[in-house]
Amino acid sequence: MTLTADDVNKIAYLARLGIDAQDTESYARDLSGMLELVAQMSTIDTDNVAPMAHPLDQAQRLRPDQVTETCQREVFQAIAPQVEAGLFLVPKVIE
Amino acid sequence: MYTKTIAQLAKGLQAGEYSSLELTQSYLARIKQHHSLNSFITVTEDLAIASAKQADAMLATGNVPLLTGVPIAHKDIFCTQGIKTSCGSKMLDNFIAPYNATVVEKFNAAGAVTLGKLNMDEFAMGSSNETSFYGNVQNPWAANTVPGGSSGGSAAAVAARLIPGATGTDTGGSIRQPAALCGITGLKATYGRVSRYGMIAYASSLDQGGPMTQTAEDAALMLQAMAGFDPKDSTSVDCEVPDYSTGLNNSLVGLKIGLPKEFFDAALNSDMAASIEAAVNEYKKMGAEIIEVSMPNLKLAIPAYYVIAPAECSANLSRMDGVRFGHRCANPANLNDLYIRSRGEGFGAEVKRRILVGTYALSEGYYDAYYIKAQKIRRLISDDFKQALEQVDVIMGPVSPTPAFGIGEKTSDPIEMYLADIYTIAINMAGLPAMSIPAGFIDNKPVGLQIIGNYFAEAKLLNVAHQYQQITDWHQQTPTSFE
Amino acid sequence: MQWETVIGLEIHAQLATKSKIFSGASTAYGAEPNTQACAVDLGLPGVLPVLNQQVLRMAVKFGLAIDAEIAAYSVFARKNYFYPDLPKGYQISQMDDPIVGIGHMDIEVNGETRRVGVTRAHLEEDAGKSLHEDFHGLTGIDLNRAGTPLLEIVSEPDMRSAKEAVAYMRKIHELVQYLDICDGNMQEGSFRCDANVSVRPVVQEEYGTRTELKNINSFKFVEKAINIEVERQIDIIEAGGRIVQETRLYDADKNETRSMRSKEEANDYRYFPDPDLLPVYISDELRSEVKAELPELPQLKRARFIADYKLDAETAGILSSSKELANYFESLVKESACDAKICSNWVTGDLIAALNRQGLQIDQSPVSYQRLARLLQRIADNTISGKIAKQVFEAMWSSEDSADSIIEAQGLKQITDSGAIEALIDQIIADNPGQVEQYLSGKDKVFGFFVGQTMKASQGKANPGEVNKVLKSKLKR
């Protein structure tokens, strides 16, 4: 699988990841190399194998429905880039 | 004093041979003196002195937790309340964590004194510590070589005796490989043994923490503090934590050691092969039995890893968006500009490569061919290990195909760097515990022996490692410039 | 051309838990911005989700109530997209293995029962809110709602009119409240819906291109939004155009739908199993435990009301529309030992009217079923007439007094003493010779005049039966 600079730009947009225009080609090359490595997976037949998402065969644990958290807005917003009136601010959202 | 192990220091502190304050100040002085190693991102001098004083007060009362007054440092991937937690990235250069990771809480409860935060590959993505926003770390054994990664700062600091022990994390070899390259002892616990809460996620189904120390005995002490069930981590396992120190001296007579033939193929450097064989011979002398095992799917571990880990990281790192914390670009023109530039500026090239590959692998039309396929291969690899571990007690092999390589040597070709993780990655896929222990030198560069055990068999690994360290002194060697 | 409308609904019901789906933060509505958003809800680095057990039980409860398959094995997945009200850059939702599988809901439209298929219902976390008041041209983000548990209930495209869609939505609304899993408050957004709408010529088998109408928060708007969208689609097709598959927003002020381009840009959600959460296994024990907790469902309750209390279908429907109302009615019947028909008349009539006037729910009624029962007993034992009872009821509504003390204090007891009534009637007959003559000459209608006069003279307290009897005997032709 070879990716073009155009493919890289599309994926980068999906990931909202800024990439300098002059680097696009080298990302395309590196990513193509990675996909070539990954393509080795197709050398083996896995038709009857169940996918494995977790290393341990365990069930999700459940938490009792209790309120355990208290307000820490000041602490959390002290590290935020831009806040006002308790809100996180972002450039205008258009719907 | 700086060559002493945690076990020795804890004893000395409790016997009143020296105070925690003295210890702390002496290590802080060494950290300052060897600043150019670049193993620390943040040194928390004032906090360390304050908690050393507290530890001394506690020591005076007697009957204190095991690690009281012992200095340690954390990989900068563990959130530390009120202290910068950068994860080696510009993205989090301004991130002062508002809470402690469970691991950090546990070390605090055990009385350890934290001296600071250790350098690492950006978001734990790398095998040489060269992707850190804070610059590469030198290998104490040869300043022009890499310490390995991603826990490169942890490994270098322990090897240079700037700190007696450190925490690390391992997603594809990030504890074991730097431990091997720096000549120290490193243990990656069974997935679910050490809480991941507050440990900034790279690949959630592979990440696992563990100790990095001079000796296996110390690793047992640190793991004792780190391990245990955490209700805040759904993947944490609720099973009893054994005493990791009591079995260290068990005899290895009759121990069955598996050697996967795939570990010793042509790709392995011949000097490395010889070192591993020599180490295995020592075990034979101790009465162990050697059995050849096979891991037919091992070669697919790296391809599958480079789907699973990037896929998980592509989502894990989406929260770094410049809205609630972390780097925000100047004067965003609109919402997308805010995202694209904040993330574009905040992440380095290796992180971007992995986010892009992960995004691609999960995107419409490719999911089955990449992600599902990789998960199927993960099961095959895991089954290989399960079968082997039915025949043997532990599996041994190399950690890395070569000793430490030169700084800059592999940065131009990311793929070449990835391939060097062939012996470590598969273990994360299976979720098994594994260690790296010092097992010799090649051209004055340390070599690591890998010991892999069954699920939750950390005590067995530590026993096997400790016995080797009773008859060898590789782990006691200190790099000349740090003597 | 004859057009047929095809509608499928995706209903989001906020589950009425105390804490969030994956964190211990409160879900209470209306708090100051970001005061109920903890580190997990904010998606800060390193934090992890742990599933709320109540959320799981509620989903299972819903599934059992719609006769659906409950998954033995269920998985949470990450749905990836960037939006400022979505802190982690992904929403934890479900894709391949939802908790609730195929089920159904019966609706009644124009006296006919129709079955609407439910494709699935899955759990997910709600997003925060964007506040568009002007912060120097910026948008403010409140993440209090982020992480609130949602049950997304997806229907089959089985509805053929806006009316059917509303009927289905009402049924689900009624059910989730019956089950105590959602407060159903639409103003606060606890119950909202997206509608997938398409049209096709009646003769055509395959579906037309659909549009998705987002976030409609009232029954009235669902009907209006669908109707206006259907009109728009038909107009476009009839003018030779084509429908574009897209997300549209209903603007209630302008009564129109408009395209939401911002939601269209990136629709590759890259779902994959969330590695921070393990698979959920739903045991037979849990299923039967929850089953045992299921209340009598509206459909069955309604049938029972018709059978046991001999109510008509409409009255039974009203009384079973909420669990609280049904309980009030049944308690009233039991407590008063009065005829169920009379009880139902009072509940669906005077009581509901009084509640509606003040915008109260049944459980906020100032007149409890016990107090109302006393009143009905006084009608039954002829202490007061039905008409006087209404007067007493009004007095009870605005005071704490019992029916008896009001009747006593206001002297409202019926006059049943036939001697007293005879005296009144003799006087009226004497005072109205003209009307007596008219009646005796065959004008039956005049009889009513005498009844009216007698009641007036008794200030409404004369027993109407007794009045009739005495009048009949006195005015014998």
Within the bounds of the stretch B:398-412, is there any residue that is part of a strand (DSSP E or B), polar (S, T, N, Q) and in contact (Cβ under 8 Å) with a residue 40 or more places away in the chain?
no
Scan the stretch C:382-403 and report the pairs whose first residue is open to solvent by 20 Å² or more (accessible area, probe 1.4 Å) and whose second residue is in a helix (DSSP H, G or I) and among the acidic types (Asp, Glu), with Cβ atoms within less than 7 Å and a gap of 6+ or a chain change.
C:Lys390/C:Asp350
Looking at (1) more than 7 Å from chain B (Cβ to nearest Cβ); (2) open to solvent by less than 30 Å² (accessible area, probe 1.4 Å); (3) on the phi > 0 side of the Ramachandran plot, find the lone condition where A:Ala85 falls short.
(2)
Looking at B:Ile415, B:Ile377 in this structure, which one is surrounded by 24 or more Cβ atoms within 10 Å (Cβ to Cβ), out of contact with any Pro (no Cβ under 6 Å at 6 or more places or on another chain) and assigned to a helix (DSSP H, G or I)?
B:Ile377
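Of all residues being without any contact (Cβ under 8 Å) to a residue 40 or more places away in the chain, within 9 Å of chain A (Cβ to nearest Cβ) and among the hydrophobic types (A, V, I, L, M, F, W, C) in the stretch C:41-78, which is farthest from C:Ser19 (Cα to Cα)? Just the residue, please.
Ranking the candidates gives C:Leu44 first.
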Scanning for something within 14 Å of another protein chain (Cβ to nearest Cβ), touching a helix residue (DSSP H, G or I) at 6+ places or on another chain (Cβ under 7 Å) and more than 26 Å from C:Arg170 (Cα to Cα), does the stretch C:340-347 turn up at least one residue?
no
Can you tell me which condition C:Arg371 does not meet? The list is (1) surrounded by 13 or more Cβ atoms within 10 Å (Cβ to Cβ); (2) under 15 Å from the mean Cα position of the chain (by Cα), and all the others hold.
(2)
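Condition check ((1) within 30 Å of C:Asp106 (Cβ to Cβ); (2) outside any loop (DSSP other than H, G, I, E, B); (3) open to solvent by 30 Å² or more (accessible area, probe 1.4 Å); (4) not hydroxyl-bearing (Ser, Thr, Tyr)) across all residues:
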residue	(1), (2), (3), (4)
C:Thr5	yes, yes, no, no
C:Glu10	yes, yes, yes, yes
C:Pro33	no, no, no, yes
C:Ala37	no, no, no, yes
C:Pro49	no, no, no, yes
C:Gln54	yes, yes, yes, yes
C:Gly63	yes, yes, no, yes
C:Asp67	yes, no, yes, yes
C:Arg78	no, yes, no, yes
Taking the stretch C:322-337, which residues are open to solvent by 70 Å² or more (accessible area, probe 1.4 Å) and in a helix (DSSP H, G or I)?
C:Glu324, C:Asn327, C:Lys334
Take the residues of the stretch C:165-223 that are of a type in the set (Phe, Trp, Tyr) and part of a helix (DSSP H, G or I): which is modelled with the highest pLDDT?
C:Tyr168
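Per-residue answers, yes or no, for (1) within 14 Å of chain A (Cβ to nearest Cβ); (2) modelled with pLDDT of 95 or more; (3) farther than 28 Å from A:Asp30 by Cβ:
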position	(1), (2), (3)
B:Gln387	no, yes, yes
B:Pro398	no, yes, no
B:Asp421	yes, no, no
B:Pro433	yes, yes, yes
B:Ile437	no, yes, yes
B:Ile442	no, yes, yes
B:Ile452	yes, yes, yes
B:Pro479	no, yes, yes
Need the failing condition index for C:Tyr269 against (1) of a type outside the set (Lys, Arg); (2) open to solvent by less than 30 Å² (accessible area, probe 1.4 Å); (3) more than 30 Å from C:Val333 (Cα to Cα), just the number.
(2)
Every residue in the stretch A:34-48 that is facing chain B (nearest Cβ under 7 Å), open to solvent by 30 Å² or more (accessible area, probe 1.4 Å) and either assigned to a loop (DSSP other than H, G, I, E, B) or of a type in the set (Asp, Glu) (or both), please.
A:Ile44
Residues to consider are B:Ile302, B:Ile308, B:Ile257; find the one that is among the hydrophobic types (A, V, I, L, M, F, W, C), outside any helix (DSSP H, G or I) and over 26 Å from B:Arg161 (Cα atoms).
B:Ile257
Which of the residues spanning the stretch B:313-331 are within 8 Å of chain C (Cβ to nearest Cβ) and either over 12 Å from B:Ile200 (Cβ atoms) or without any contact (Cβ under 8 Å) to a residue 12 or more places away in the chain (or both)?
B:Ser314, B:Ala315, B:Ser318, B:Arg319, B:Asp321, B:Val323, B:Arg324
Counting only residues that are open to solvent by 10 Å² or more (accessible area, probe 1.4 Å) and more than 23 Å from the chain's Cα centre (by Cα), the stretch B:49-84 contains a total of 16
Is there a residue being touching a Leu at 6+ places or on another chain (Cβ under 8 Å), among the polar types (S, T, N, Q) and within 20 Å of B:Ala143 (Cα to Cα) anywhere in the stretch B:386-408?
yes
Check on B:Ala361, of a type in the set (A, V, I, L, M) and open to solvent by 10 Å² or more (accessible area, probe 1.4 Å)
no
Residue by residue through the stretch B:98-111, note down the ones that are open to solvent by 10 Å² or more (accessible area, probe 1.4 Å) and not hydroxyl-bearing (Ser, Thr, Tyr).
B:Pro98, B:Asn100, B:Glu105, B:Lys106, B:Asn108, B:Ala109, B:Ala110, B:Gly111
What pairs come up if the first residue lies in the stretch C:279-290 and is under 21 Å from A:His54 (Cβ atoms), the second is among the β-branched types (Val, Ile, Thr), and their beta carbons are under 7 Å apart, counting only those six or more places apart or on different chains?
C:Pro279/C:Val75; C:Ile282/C:Val60; C:Ile282/C:Ile70
Would you be able to say whether some residue in the stretch A:2-25 is out of contact with any Asp or Glu (no Cβ under 6 Å at 6 or more places or on another chain), at the interface with another protein chain (Cβ under 7 Å from one of its Cβ atoms), among the hydroxyl-bearing types (Ser, Thr, Tyr) and not in a helix (DSSP H, G or I)?
no
Restricting the search to the stretch B:6-39, which residues are under 20 Å from B:Glu483 (Cβ atoms), in contact (Cβ under 8 Å) with a residue 40 or more places away in the chain and either assigned to a helix (DSSP H, G or I) or in contact with a strand residue (DSSP E or B) (Cβ under 7 Å, 6 or more places away or on another chain) (or both)?
B:Ile6, B:Leu9, B:Leu23, B:Tyr27, B:Leu28, B:Arg30, B:Ile31, B:Ser36, B:Leu37, B:Ser39
Consider the stretch B:115-135. How many of its residues are at negative phi and crowded, with 24+ Cβ neighbours inside 10 Å?
12
For the stretch C:280-299, does any single residue satisfy the condition of being modelled with pLDDT of 95 or more and within 14 Å of chain B (Cβ to nearest Cβ)?
yes
Can you report the number of residues in the stretch C:1-37 which are touching a Cys at 6+ places or on another chain (Cβ under 7 Å), within 8 Å of another protein chain (Cβ to nearest Cβ) and β-branched (Val, Ile, Thr)?
1
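The values are calculated or read from the model by the stated rules, or taken from the named source; none is laboratory data. Predicted, not measured: the structure shown is a model, and the values here were computed from it. Counting neighbours? That spans all protein chains shown, and the Cβs are built from the backbone with ideal geometry, glycine included. Keep in mind that these areas ignore ligands, DNA and RNA; they rest on the heavy atoms of the full protein, side chains included. Shrake-Rupley method; radii C 1.70, N 1.55, O 1.52, S 1.80 Å.
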